[in-house]
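Notes for the one structure printed next.
The values are calculated or read from the model by the stated rules, or taken from the named source; none is laboratory data. No experiment lies behind these values; they were computed from the predicted model shown. In this analysis, Cβ positions are derived from the backbone assuming ideal geometry, glycine residues included, and neighbour counts consider all displayed protein chains. Ligands, DNA and RNA are excluded from the accessible area calculation, which covers all protein heavy atoms including side chains. Shrake-Rupley method; radii C 1.70, N 1.55, O 1.52, S 1.80 Å.
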Amino acid sequence: MRKEVLSMKLIANGMKGTADVLPSESYQWQFVEDIMTGQAASYGFKEIRTPVFEHTELFNRSVGDTTDVVQKEMYTFTTKGGESVTLRPEGTAGAARAMLEHGVYNDGYPIKVYYLTSCYRYEKPQKGRQREFHQFGMEVYGAASYFADAEVICAAKSIFDRLGVQNLSLELNSIGCKNCRPKYHNALKEYFEGSKDQLCDTCLSRLDRNPMRILDCKNPECAEVAAKAPTVLDYICDDCREHFDGVKNCLEAADISYTVNPHIVRGLDYYTRTVFEFVSGDIGAQGTVCGGGRYDGLIEELGGQPTPSLGFGMGIERLLLLLESQKIEIPAPPVCDLYIAGMGDAAKMKAFQLVEGVRNSSLIAQGDIVGRGLKAQMKYADKIKAKFSMVIGDNELAENKAKIRNMVSGKETEVPLDENFFDSFFSIYVDSTSAQLIEQFGDFGNE
Ligand code: ATP
Ligand code: MG
């Protein structure tokens, strides 16, 4: 018995760190996603879709086995066939794998792709941090110039701008390349060796292999030591500095303000040169809404030709939190242009036919599918904010005409129920929509 109660509980509750997007809120996701894909299109990016799971080795290699993601957060399991498989913790690795596997680069560089994906990380759930979350990401392959860095940053910024998001700070840094990074690693190692007793176990293990990771540790004691560590910008080579200056100049030309923050190193191993984050102070501790940068070594690491590349990931849940905290209203889309109520079996059948016809003309129509009486049908039409309604009963059937009622103004217009019905309704619909626009924006045509 107890076992059964427990199993019902498991069935009735979603898993910790996951969230459902309910019908009453999904329009907000669609609105944000439409802006993301629209902006991606205007920057010349095409969508890529890759599987939820990949060989574990792909993420060990690309994300990097000294990172938090690989060391602690991956959903890894062994399949019935004995393979080690991981649910994607981010979108970059899968996109790069697909690009290489299918020889997409044969079409010539640059390749520009975007994705909207779910990601999986076994983290401690809290505000802005889930175990299943969603990212919008953009990636560019085969682009070495600093114009590419600037383009990608502008693209991310354009999404925030289109949404009307305020007070986001763009934090920018360069973390050098494979030529200058070793020098910085040595300096960091030397520095952290002196404060070994304050570092957590994970950071101690990073000391030899990847001391830069320590700068990203969320443990407060490690963060305190890291705050005074040597800064990477004192160590980058002339080429990296020139590249970084180029990025900054482009951002200035695009009128995008930024703060150089030498503590931004990003959580994933594959970054080189430019790294950036868009950070908000309005959504609590998890304030990074978007993070990205250049990863010139990744494609080679995955077995491809050296291919300078870059991209970013934007957390959709955090972005929605931000919109909510800044009280940015997302307009709820209409669910009904015309509600047709029927009284009696024959009238209900007619209503059903007409509703189908209106839908074919791409307006939104609804009729009764619950079995309600007339009064309840009209109450429902009110509830779903139908713009127009129409009632068909025996009289309307006999006369082959009915009245369409504008639910806001109350104005009624007679329409035939024959083959001219759709044209008649359509012209009523268009008239009222243009009257509304004129009220809102003025009558340009007659000025
Ligand atoms: P954080 O420092 O917050 O852990 P991260 O460096 O691990 O972030 P990235 O791997 O760069 O994050 O992912 C890009 C974006 O995805 C983040 O900026 C954030 O908006 C979002 N994100 C990352 N992890 C989560 C999560 N567990 N839940 C919700 N959103 C997340
Ligand atoms: Mg993280």
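The table below lists the values:
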read-out: Tally of residues being within 12 Å of ligand 1 (Cβ to nearest atom), in a loop (DSSP other than H, G, I, E, B) and touching a helix residue (DSSP H, G or I) at 6+ places or on another chain (Cβ under 8 Å) across region 107-142; value: 6
read-out: Scope region 147-172; condition in a helix (DSSP H, G or I), open to solvent by less than 30 Å² (accessible area, probe 1.4 Å) and of a type outside the set (Val, Ile, Thr); matching residues; value: Ala148, Asp149, Ala150, Cys154, Ala155, Ala156, Ser158, Phe160, Leu163
read-out: Counted residues, region 16-74 - those being in a loop (DSSP other than H, G, I, E, B), under 17 Å from Glu317 (Cβ atoms) and open to solvent by 30 Å² or more (accessible area, probe 1.4 Å); value: 8
read-out: In region 75-90, residue most open to solvent (accessible area, probe 1.4 Å) [restricted to those that are in a loop (DSSP other than H, G, I, E, B) and not hydroxyl-bearing (Ser, Thr, Tyr)]; value: Lys80
read-out: Qualifying positions in region 257-278 - buried (at least 18 other Cβ atoms within 10 Å of the Cβ) and among the aliphatic types (A, V, I, L, M); value: Ile264, Val265, Leu268, Val275
read-out: Complete set of residues in region 352-367 that are open to solvent by less than 10 Å² (accessible area, probe 1.4 Å) and either over 13 Å from Leu417 (Cα atoms) or free of Cβ contacts under 8 Å to residues at least 24 places away in the same chain (or both); value: Val355, Ala365
read-out: Positions within region 277-293 being hydrophobic (A, V, I, L, M, F, W, C) and part of a loop (DSSP other than H, G, I, E, B), in sequence order; value: Ile283, Ala285
read-out: Pairs with Cβ under 7 Å, 6+ apart, first in region 255-276 and in the same structural domain as Gly293 (by TED's automatic domain parsing) and over 10 Å from Ile175 (Cα atoms), second in a strand (DSSP E or B) and within 12 Å of ligand 1 (Cβ to nearest atom); value: Thr259/Glu171; Asn261/Glu171; Phe276/Glu171; Phe276/Gly292; Phe276/Gly293
read-out: Residue in region 212-233 that is among the small types (Gly, Ala, Ser), surrounded by fewer than 16 Cβ atoms within 10 Å (Cβ to Cβ) and without any contact (Cβ under 8 Å) to a residue 12 or more places away in the chain present; value: yes
read-out: Leading residue by the ranking (farthest from ligand 2 (Cβ to nearest atom)) among those in region 305-322 that are open to solvent by 20 Å² or more (accessible area, probe 1.4 Å) and assigned to a loop (DSSP other than H, G, I, E, B); value: Gln305
read-out: Number of positions in region 427-441 that are more than 13 Å from Leu338 (Cα to Cα) and aromatic (Phe, Trp, Tyr); value: 1
read-out: Single match in Leu204, Leu188 (criterion: within 26 Å of Cys222 (Cβ to Cβ) and without any contact (Cβ under 8 Å) to a residue 40 or more places away in the chain); value: Leu204
read-out: Odd one out for Arg131 among (1) within 16 Å of ligand 2 (Cβ to nearest atom); (2) out of contact with any Gly (no Cβ under 7 Å at 6 or more places or on another chain); value: (2)
read-out: Some residue of region 338-351 being in a loop (DSSP other than H, G, I, E, B) and without any contact (Cβ under 8 Å) to a residue 60 or more places away in the chain; value: yes
read-out: Considering residues of region 92-123 that are among the aliphatic types (A, V, I, L, M), open to solvent by less than 20 Å² (accessible area, probe 1.4 Å) and in contact with a strand residue (DSSP E or B) (Cβ under 8 Å, 6 or more places away or on another chain) only, the residue nearest to ligand 2 (Cβ to nearest atom); value: Ala93
read-out: Filtered residues of region 303-343 (kept if in contact with a Lys or Arg (Cβ under 8 Å, 6 or more places away or on another chain) and modelled with pLDDT of 95 or more); value: Pro308, Ser309, Leu310, Leu321, Cys336, Asp337, Leu338, Gly342
read-out: Residues satisfying the stated conditions in region 297-341, i.e. among the hydrophobic types (A, V, I, L, M, F, W, C) and more than 27 Å from Glu132 (Cα to Cα); value: Val335, Cys336, Leu338, Ile340, Ala341
read-out: Residue in region 58-76 that is assigned by TED's automatic domain parsing to the domain that holds Pro125, in contact with a strand residue (DSSP E or B) (Cβ under 7 Å, 6 or more places away or on another chain) and over 20 Å from Phe133 (Cα atoms) present; value: no
